[in-house]
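What follows is calculated from the coordinates using simple rules that are stated; it is not laboratory data. Keep in mind it's a predicted model, so treat the numbers as computed, not measured. Reconstructed Cβ throughout: ideal geometry from the backbone, glycine too, with neighbour counts over all protein chains shown.
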Amino acid sequence: MKKTILITSAAIAAIVAAGPALAQTGGEGATDLTEIVVTAQKREERLQDVPAAVSVVSGDAIAARGSVNLESAQYLVPTLNFRKSGTTINQTLFLRGVGTSTFSIAGEPSISTVVDGVVYSRAGEAFSDLIDVERIEVLRGPQGTLFGKNTSAGVINIVTKRPGNEAGGYVDGGAFSNGGEYRLRGGIDVPFSDTVKGRFTAFYGTYGGNIRNVTRDTRVNGYEHWGVRGMIVADPSETLSLTFIADYRESDDDCCAELIGTVPTNLTATVLPTPRGDRTRRVAQDLITSTTEKSGGVSLQADWDVADHVVTYIGSYREYDNTEVRDGDWLPRAYVGFNQLHDLGPQTSNTMTQELRVTSPADQTVSYVLGAYYSRAETDRTFTRNDIVCSLTPASTVITPCTAPGTVVTTPAGTATFGSVFKNYALFGQGVINVSERFRLIAGLRFTSDKLSVYHQRITTLAGPGIQPSFGPFADSTSNENLSGKAGAQFDLSDASTAYATYSRGYKGPAYNVFYNLTATGTNVIDAETADSFEVGLKNTLMGGRLVLNLAAYYAKYHNFQANNPDVVAGVLVTRFTNAGTISTRGGELDFLFRPIDDLSFSGGLAYTDAKVDQFKLPTNGVITGVVPSGTTLGYAPKWKGSLAMDYRIRDVGPVDVVLGAQGSFQSKQLSQFDANPVIRAATTIDSYALVDLSAGIADPQDRYRVLLQVKNLFDTSFPSAITSGGPGGSFRYLIPREADRYYGVTARVNF
């Protein structure tokens, strides 16, 4: 029998499945939750046997709730948070209160996203549509041993569905209110022969958006996406399996418009929509902030049984092209004293990865995984900023357009070209010593070698707001070596309960703050980030396998924490990527899955997170007011967060079954802008909120079709996903997600 081992996610902390993981228990009617399978240690194992807490969300659960991307998973996994930004490439994931927000092309995220064993080197690519997903494994805390650099906060491991043994397929679609969203997806399984089978999928989606731009008289914050994906699995012999995957997608998003949510203290208040805080739904901008993307890639995985071991090779090549368009003045036009600032930033990137590893049988005294890894990620960007600046003598007492008679107009402009190349080599191994039938020791080590090279040149025709004088050419490189490790113990208290304790070392490679307005004072190397994490957990399987109840507690300390520090450059608020200093996070997590009867399931989780600054470093510009006080809570780290879901299927109701679902989530207040100024921190704090979604529908008893009616955000709870300073006249900018309004939808699926 073949031992196909999917590359996935490493040790973590807490299991939240939200109804989802139930999809892996053996189909409808299965009640034994102990058979949920994950690959958190690069081998297929039962969830309850893994000495680490793992959050599992099935793709079917996400789709059933009308969700399409990773952003939606934050409502199902209590310690996962998402920072929305003006454009895709600047969005960020956070786990246990830790994440990296940076505009630098030479900085990488703290949370790695892995899809079928392939690492996505740029964070933006990970936020695309989730297509044909089997499950998402969320691995929290440092994952340096098995997954290497840039996993100092965790790993999101996505496993897609494999081809079936019989010909068949599906078509599903959906329509939703509040902006007119329409989706269509389909897939087909094709068994070419007894040893070769394929799965091919395609999708299309369009959405008008939840915000009205009154200047252009159009909706924004919408999208148009399409893509295709194919997987072919070949078994040329009893001991060899080959998996080939190819995908391509395009997206055109006019997201995300930054609304002015508070009243400006100057004349711009007269030309902007009335601010209503997080209830603001209008902008007045002459340029639509948007992102267009093209991405795709190929991968080949080979699994070969050799002398009771499995030798796995996986190689990949991916390209990711992104063009960012941004309105940086948030006004309908240029006015006297209020400048226009427009950005255009096309970016191209490619990544090549190679991994080879050997996995021993699990049922022996010493079991292990040994491997080697190499990756090369290259990114190049051309970024242009165009201003319109005008003056009028004598000064006017009313807001005056730059097109008015007598105005003196200048057009500052500049273009920068810059890029980075990351190279990473690693050797790793992790083993388990089965001291006795009930007691096991875990040990692992990873050697990593990083090299990073960067270049930058800016040519400025006229300096102005947000535009520094010409700079460069500048080029530099840095390298670093690191040893990460893991040690722990696992003890079966009984057949139903397992306790574990682990220590893990996390690592995030060196970086540079390479962005449009780079100057000589910002060319320093940003040192590698390291983390020391301690975790204890208790996994319980009760009521004959109908109840899974897991607990975890952790403490992690981060050194040379790579973070953004707000700064003003050429009169425009930016964020300076830097080694912020030392931070720590600690907390506890409770997660459960409960299936009291075959067709009724409950799931949920509760997390307490205390993530804060221990000692902040003096910024490289030497300004002491930029030091964030010790004890300050980190951004996107709510103290409390939880979720609860219910799924119920009522059978034998005439010719159809009735399906009911409910999903609730809540979180306490969280800081949006990590800033030294307590006034700004208070103004950019997102208040606590709770969301409730409901669904009801019918399904064929043999699951040949299903139709669901859904209501999202039942109580119409409004909230921002981000609040940032730096708007006109000292105002604050708000980003409002689609989930901040109640809306309705219908989804349907046909299986054949």
query = From the phi of every residue in the stretch 405-410, what ³J(HN,Hα) in whole Hz does the Karplus formula 6.51 cos²θ - 1.76 cosθ + 1.60 yield, where θ is phi - 60° and glycine or proline is x?
reply = x, x, 6, 9, 10, 10
remark   = For the chain, averaging the sequence separation of alpha carbon pairs under 8 Å that lie six or more residues apart and dividing by its residue count, the contact order in percent is 13
inquiry  = I'd like the trypsin sites (Lys or Arg not before Pro) in the stretch 408-450 restricted to DSSP loop residues with at most 16 other Cβ atoms within 10 Å, sorted by number.
reply    = 438
ask   = Taking amide hydrogens as modeled 1.01 Å from N in the peptide plane, which residues meet the under 5 Å criterion relative to residue 221, leaving out close sequence neighbours?
value = 254, 255, 257
request  = State the extension gain, in nm to one decimal, for the chain segment bounded by residue 441 and residue 427, taking 0.36 nm per residue of separation less the distance between their alpha-carbons.
outcome  = 2.9 nm
key: Rounded Å value of the spacing that divides the Cα centres of the stretch 723-747 and the stretch 435-482   = 32
task = Neighbouring Cβ atoms within 10 Å as the yardstick, rank 477, 193 fewest first.
result = 193, 477
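Could you list, in their original order, any pairs among 557/617; 508/669; 508/557; 557/612 whose Cα atoms are separated by more than 18 Å?
In this structure, 508/669 exceed 18 Å between Cα atoms.
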Inter-label distance for residue 752 and residue 266, nm, one decimal - labels placed 7 Å from Cα along Cα-to-Cβ = 6.1
remark   = From fewest to most C-beta neighbours within 10 Å, the residues 237, 479 line up as 237, 479
request  = Using θ = phi - 60° and the Karplus relation 6.51 cos²θ - 1.76 cosθ + 1.60, list the HN-Hα couplings for the stretch 744-752 in order, rounded to whole Hz, with x at every Gly or Pro.
outcome  = 10, x, 9, 10, 9, 9, 10, 9, 9
ask   = Let a ≥ b ≥ c be the square roots of the eigenvalues of the Cα gyration tensor of the stretch 58-204; is it rounded (a/c under 1.5), or, if not, prolate (a/b larger than b/c) or oblate?
value = oblate
inquiry  = Distance between the C-alpha centers of the stretch 74-151 and the stretch 185-246? Whole Å please.
reply    = 20
ask   = Given H placed on each backbone N at 1.01 Å, which residues far from residue 705 in sequence or on other chains put an amide H within less than 5 Å of it?
value = 700, 751
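Using the count of nearby Cβ atoms within 10 Å as a rough guide to exposure, how do 309, 456 rank from fewest to most? Before the final figure, lay out the partial values.
Values: 309 15, 456 26.
Fewest-to-most Cβ neighbours within 10 Å comes out as 309, 456.
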Computed [θ] at 222 nm, deg cm²/dmol, the chain (DSSP H ≥ 4; -39,500 (n - 2.57); rounded to nearest 500) = -500 deg cm²/dmol
query = Which label belongs to the value computed from this structure, given these candidates for volume of the Cα convex hull per residue in Å³: (1) 138; (2) 227; (3) 245?
reply = (1)
note = Treating only Lys and Arg (+1) and Asp and Glu (-1) as charged, each at its beta carbon, one finds that the stretch 21-751 has a dipole about its Cα centre, in Debye to the nearest 20, of 1840
key: Spatial separation of Cα centroids for the stretch 370-408 and the stretch 519-542, in angstrom   = 34
